[in-house]
Amino acid sequence: MLTRRKLLQALGLTAAANSLPGLALAGGTSEARLVLVVLRGAVDGLALAAPYGDGNYRNLRGELALQRSDLLKLDGLFGLHPGLPGVHARFRDDEAIVVHAVASPYRERSHFDGQDVLESGGTSVGRLRDGWLNRALAPLSGSSEIAIALAQNTPLVLRGDNSTTSWAPSRLPDADDSTLGRLQRLYAGDEFFATRLSQALRSQDIATGMDSMSGRRGNEAQQFGELMTSAARFLVAPDGPRIAVVELGGWDTHANQGTTNGALANRFAALDRGLDKLRDGLGDAWSDTVVAIVTEFGRTVRVNGTRGTDHGTGTAAVLVGGAVNGGRIISDWPGLGNADLYEARDLRPTTDVRSLFKGLLEQHLGLSAGFIDRTVFPNSAAAPPLEDLVRS
């Protein structure tokens, strides 16, 4: 049976279920934009920002140690992976921060459970059923959605009682203008469906710039760049959302991880290109934007038997954007000596990722500290917000 929902999905117009939002951010920061990029699969933070200045780094990393000459130097301790030249340029322009030795409260090594804690904002698996970013929306919006997930399914971080919207490119060929015109005439007398079809077409036009990408094919890395371009179009639309969540998978590098070439280097390059596309698409709005790039946990310090790394604990996160008070590393670096490692195998986390999120919500989106501690991240007193993340 052809239902209304199935028809919308077939047309690649699932964003039509809701109107595009207006925005009423707390504290009058109505131009602030936040993009959360979730890197699924547990990113090797010791490759993202290699601690080349740590005397134990080269010995412990073995064949996966990045050469100092290949790294994009940040300071005397850390260098970015060479696949991230755009992030490095933003760092030099004081528009990027690297937060190292960071983790959620989760201390096991299951992707599913790690992502649950990262996105729910809880202290343990299953403690909270909704997402921390959804809970943060309550004081930010009126009757319209201000947050969008650019994904086939809304991720946990945006699920909850506060209304959000989503968009993803269709996997089916586009309907031509004639077909869409007939559909609009057919449902002209149905207020519910006519309104949502109109909204869907508007969403599709915004996301694709009137040049549909739904018929394109490519790998996930290519699709990520296209999603970031679409995210920018939504975020600059006059009545569009101001918060977006985008995902990029493929970071589970158990085998043949590589250094300057290989699977991980290709993923970093895709991430970097996607961030550049977002920046280009946002234009002047870049100056009001913070992009937070996070993952569920890190990877082992030592190489495994298949020239990769296994599930670990501490990792690195990145903030980038014109609103970021950047050019800095935030890290209480624990060191890589045997006695310094977590459970004798992982980078020991010294910063709670909730501190990063709390700092952004308070400083960038204007939420009150009391609301954040009470509602967004309950039972998080041990994770005070990081300071000075955004420009004053």
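Between Asp280 and Ala344, the FRET efficiency estimated from the beta carbon spacing at R0 = 41 angstrom works out to 0.35.
Seen through its C-alpha gyration tensor, with square-root eigenvalues sorted a ≥ b ≥ c, the range 36-116 comes out oblate because a/c lies at 1.5 or above while a/b is not bigger than b/c.
With r defined as the distance between the Cβ atoms of Asn219 and Ala382 and R0 fixed at 35 Å, what FRET efficiency is calculated, to the nearest 0.05?
On the way: r = 41 Å, r/R0 = 1.16.
Efficiency at R0 = 35 Å is approximately 0.30.
Which value, to two decimals, describes the C-alpha radius of gyration of the range 236-392 once divided by 2.2 N^0.38 Å? Let's see the in-between values first.
Working: Rg = 17.7 Å, N = 157, 2.2 N^0.38 = 15.0 Å.
Ratio of Rg to 2.2 N^0.38 Å for the range 236-392: 1.18.
Think of each Lys and Arg Cβ as +1 and each Asp and Glu Cβ as -1; about the Cα centre, that makes the dipole of the range 40-117 roughly 180 debye.
Cβ under 9 Å from Asp130's Cβ, Asp130 left aside: what net charge do those residues give with Lys, Arg +1 and Asp, Glu -1? Value of the local net charge: +2.
Using 0.36 nm times the number of residues separating Phe112 and Ala369, minus their current alpha carbon distance, what extension gain do you get? List each step's numbers first, then the result.
On the way: separation 257, 0.36 × 257 = 92.52 nm, distance 2.93 nm.
Roughly 89.6 nm would be gained on extension.
Ordering Ala101, Ser120, Ala138 by Cα displacement along the dipole of the range 44-147 toward the positive end leaves Ala101 in first place; charges were set at the Cβ atoms of Lys, Arg (+1) and Asp, Glu (-1). Multiplying the residue separation of Thr306 and Ser392 by 0.36 nm and removing their Cα-Cα distance gives an extension gain of 26.2 nm. Counting Lys and Arg as +1 and Asp and Glu as -1 over every other residue whose Cβ lies under 10 Å from the Cβ of Leu36, the net charge comes to -2. Assuming charge only on the beta carbon of Lys and Arg (+1) and of Asp and Glu (-1), the dipole of the range 81-138 about its Cα centre is about 140 debye to the nearest 20. Summing charges over neighbours of Asp288, with a neighbour being any other residue whose Cβ is under 13 Å away from its Cβ, gives +1 when K and R count +1 and D and E count -1. The magnitude of the dipole of the range 223-275, with charges of +1 and -1 set on the Cβ of Lys/Arg and Asp/Glu and taken from the Cα centre, is near 100 debye.
Here, each number is a calculation from the coordinates, and none is a lab measurement. Bear in mind that the values here come from a model prediction, so they are computed numbers and not experimental data. Virtual Cβ from ideal backbone geometry, glycine too; neighbours counted across all protein chains shown.
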